[in-house]
Amino acid sequence: MANASVSALASALAGALACSGGDAAGPTHLESPTPAPIARQETRLVAGGAHTCALSAGGTAFCWGNGSSGQLGNGSTTWQRSPVAVASGLTFTSLSAGEFSTCGMTAAGATYCWGDVASGPVPDSTPPTSGLAPTLVPSDVAFVRIASGDYHACGLGATGAAYCWGFGFSGQLGDGTLIDYRGSASPVSGKLRFASLSGGYWHTCGVTVEGIGACWGNNNWGQLGDSTRTAHTAVAPVTGEITWATLAAGGRHSCGLSTAGAAYCWGWNAFGQVGDGSTATRLSPVAVAMPNGVSFVSIVSGFYHNCALTADGAAYCWGFNDHGQLGDGTTSNRAAPVLVAGGVRFASLSAGVDHTCGMTTLGAAYCWGNNADGELGDGTTADAAVPTAVRFAAPASP
């Protein structure tokens, strides 16, 4: 798509927001009369706050690490240094993880959550008690993709309509409210069709089917990328004429990849997480200082760090590195991408608060970074500054 087309669509979105008071989005009429269905996404390894979860080949979910809010889904609040099966009898096709919660999506598009975002028969504005086992999220639609923020989660329907639930005190649900808690999936305001979503600390970002980037929620650090620090309870376009392939919402920053494989980040930058070689806060996208000859095919954001994959599976990370979450064998912060050590080639990555995990094409799982709660899954609580194999006590397949 030409940049002029991107600009026109972004202007249409901004105009729709302005017409409705600047925050509650009205109809944008950007939907196709006969929209093509959004492809189902399978995410088999996810890093949360201080826990991690993975799917076996047969769809059984395993979790490990901090279980204080029930985010391991094994019916208890104990911590586990090695993978334990989620106590549900369900098989999942995709997982997502927040700081104290986990969600899983079945092949039929039903979504279940466990931990502090677990939805159940509670009225809106009444936060739930922690769910120790998977609980069905009330929703009028089946989802093809799910994404978790630290305290909320979102789902994408086959038509590209977005829905969110959980804690909404900063507008991260995108439904035009500042509700404390919403127990069922609520439509994101407007008529935009999204191809992907990503949940951050108190904000959410997504890419429309036209390649427009949009974010909503808290914006104290410029993490929405709209050149301001103004919060939005409904979608706000990301500044710039970039055709986006994906966005990744982090703690107080966000990142994205263009369709050409170039990386951009914005927001708080005290640890170099914006990746432009500086520690200056950025209110709109700036180019990441890419290594020579390198382009990325995927990107993930943790609380203060990011990681990305090349087409041949090499992993690069940048930002905060106090526990070795960048995987380069050090604990030095990096303001530009550095190669993850060890030579492992990954098919996917996931970034938690201060640990990172990756899965190979053969289904082997590796994690690195903070391990105080056993989130690396290697049976210890020792931090690792390079990829360390997750130790499954039994075969991963049921």
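The length gained on full extension between ALA347 and THR279, counted as 0.36 nm times the residue separation minus their Cα-Cα distance, comes to 21.5 nm.
Is the shape of the chain best called rounded, prolate or oblate, per the rule: a/c under 1.5 gives rounded, else a/b larger than b/c gives prolate, else oblate, with a ≥ b ≥ c the square roots of the Cα gyration tensor eigenvalues?
Numbers: a/c = 1.63, a/b = 1.16, b/c = 1.41.
Since a/c reaches 1.5 but b/c is at least a/b, the shape of the chain is classed as oblate.
Placing dummy labels 7 Å off each Cα toward the beta-carbon, the span from ALA260 to ALA287 is 0.8 nm. Taking the Cβ-Cβ separation of GLU241 and ILE179 as r and a Förster radius of 51 Å, what is the calculated FRET efficiency to the nearest 0.05? My answer for the efficiency is 0.90. Where only DSSP H runs of four or more residues are counted, the chain gives -1500 deg cm²/dmol as its mean residue ellipticity at 222 nm, each run worth -39500 (n - 2.57). Computed extension length for ALA382-GLU42: 119.4 nm, one decimal, from 0.36 nm per residue of separation with the Cα-Cα distance subtracted. FRET efficiency for the THR77 to THR331 pair, using the beta carbon distance and R₀ = 45 Å, is estimated at 0.90. Site pair ALA389 and ALA85 shows an inter-label distance of 2.3 nm when each label is modelled 7 Å from Cα along Cα→Cβ.
Protection proxy ranking of 306-314, 260-268, 177-185, by the mean of other Cβ atoms within 10 Å over each peptide's residues and highest first, is 260-268, 306-314, 177-185.
Show me 200-208, 354-362 ranked by packing, highest mean number of other Cβ atoms within 10 Å first. Write down the numbers at each step before the final one.
Working: 200-208: 27.8, 354-362: 22.1.
Taking the mean over residues of other Cβ atoms within 10 Å, the ranking is 200-208, 354-362.
Just so you know, all these numbers are worked out from the coordinates, no wet-lab data involved. Small disclaimer: the values here were computed from a predicted structure and weren't measured. Heads up, the Cβs are rebuilt from the backbone with ideal geometry, glycines too, and the neighbour counts pull from every protein chain shown.
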